[in-house]
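Q: The structure that follows is given in the form of structure tokens.
The values are calculated or read from the model by the stated rules, or taken from the named source; none is laboratory data. Everything quoted here is computed from the prediction, not taken from an experiment. We work out accessible area using only protein heavy atoms, side chains counted, and drop any ligands, DNA or RNA first. Shrake-Rupley method; radii C 1.70, N 1.55, O 1.52, S 1.80 Å.
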Amino acid sequence: MKRTLSFLSVVYLTVLTACNQESTGINIESSAIIVIVGNKEYNGTEDKLDQTQEIGDQIGTIEKKTKATKMPAGNNQSNYFTVGSEIYSVKGTEDYIIVKDKNHKSQLMKKVAQKS
């Protein structure tokens, strides 16, 4: 009896865990945050702007959001940011952009080096 109860408890917890991951949208595979601007790919980064750099002019908005697991195919597309998110240059460098979502939360994005 104890064995059966223990087995059923394990099965129940396994099913609850699997359902929770599905309903909250947790994806076991992680995806990079990608934005395409000016035919250049930018990825999310943990880099911080130094004090000499500041937000520049608005250079566009996200026009299309792709699936998180898909590579954006054209300019002003992202696999993370929603349509309407604003894209800004960073003064003093072309290696970074800043994307502000509709809640005005900013994300620094770093240009991916082109392979020759």
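Q: What are the residues in region 93-112 that are of a type outside the set (D, E, K, R) and open to solvent by 80 Å² or more (accessible area, probe 1.4 Å), if any?
A: Asn103, His104
Q: Give the residues of region 63-75 that are over 13 Å from the mean Cα position of the chain (by Cα) and open to solvent by less than 60 Å² (accessible area, probe 1.4 Å), sorted by residue number.
A: Gly74
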